[in-house]
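The next block holds one structure in the form of structure tokens; read it before the comments.
Derivation of every value follows stated rules applied to the coordinates shown; laboratory data play no part. Just so it is clear, the structure is predicted and the values come from calculations on it, not from any experiment. Cβ: placed from backbone, ideal geometry, glycine included. Neighbour counts: every protein chain shown.
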Amino acid sequence: MKTQNISQEMKESPLHQFFVEEIKDIYWAEKHLLKALPKMAEAATSTELRKAFEDHLDITQMHVERLEKVFESLDEKPETKTCEALKGLVKEAEEIIDDTEDGTMVRDCGLILAAQKVEHYEIATYGTLRTLAAIMGHKDVQELLQATLDEEHDADKGLTEVAMSFVNEEAKAEF
Ligand SMILES: [Fe+2]
């Protein structure tokens, strides 16, 4: 991706600087998820949920690469900044794994809850960042963030579908 014409004046604008800091934050969050998702997949009981996490791991790798394109487009070095919110959400997922029995549907319901909190956090973050990119006229960045935002929405819907598949009697018997 080519660097857009980012003037020195633009780089010094407080909104631009705030934006770059928040991109570093979500970049850390996506990288942290790369480590958390395999553990969530391994902890899942149903094959559907395991597959949903495995698929999202590949998509998360793409989100990391897309953010690297965002840094490039903004003429910034890809740097991370610890995202306390996502760190807390992953910790919550780990606690749910510790507090539920292996091989149970309750474990899966807990994992879906934790994962949907993560998706909603990402949807909120990418939604605002996409809009800020539009405000500042960073068209390429806006498009990159929109593509990721759409995929986070799809992931959230996919998790609801997995949860709804538990409505059948066979699954209910396992609760
Ligand atoms: Fe993501």
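Taking θ as phi - 60° and the Karplus parameters 6.51, -1.76 and 1.60, the scalar couplings of segment 69-74 work out to 5, 4, 4, 4, 5, 8 Hz in sequence order, x denoting glycine and proline.
Ordered from longest to shortest, the equivalent ellipsoid semi-axes for segment 12-172 are 32, 15, 12 Å, each the square root of 5 times a Cα gyration tensor eigenvalue. Secondary-structure-derived ellipticity at 222 nm for the chain, considering helices only, amounts to -27000 deg cm²/dmol, per-run term -39500 (n - 2.57) for DSSP H runs with n ≥ 4.
For segment 22-37, 3J(HN,Hα) computed residue by residue from phi via the Karplus equation (6.51, -1.76, 1.60; θ = phi - 60°) reads 6, 5, 5, 5, 6, 5, 4, 4, 5, 5, 5, 5, 4, 7, 7, 4 Hz, glycine and proline entered as x. Rounded to the nearest whole Hz, the Karplus-based 3J(HN,Hα) values (6.51 cos²θ - 1.76 cosθ + 1.60, θ = phi - 60°) of segment 155-161 follow the sequence 5, 4, 4, x, 5, 5, 4, with x at glycine and proline. When only Cα pairs below 8 angstrom with a gap of at least 6 residues are kept, the chain shows a relative contact order of 26 percent. Do the alpha carbons of any pairs in LYS81/LYS139; LYS87/LYS117; LYS69/LYS139 sit beyond 20 Å of each other, and which pairs? Pairs exceeding 20 Å: LYS81/LYS139. Only the Cβ atoms of Lys and Arg (+1) and of Asp and Glu (-1) were treated as charged; on that basis the dipole of the chain about its Cα centre amounts to roughly 520 debye. Relative to one another, the C-alpha centroids of segment 121-145 and segment 40-99 are positioned 19 Å apart. Loop-located GluC sites (Glu not before Pro) in segment 1-82 (DSSP state not H, G, I, E or B) with no more than 11 neighbouring Cβ atoms inside 10 Å: GLU12. Note on segment 1-139: dipole from Cβ charges, positive end direction compared against THR125, ALA114, HIS16; the farthest Cα belongs to HIS16.
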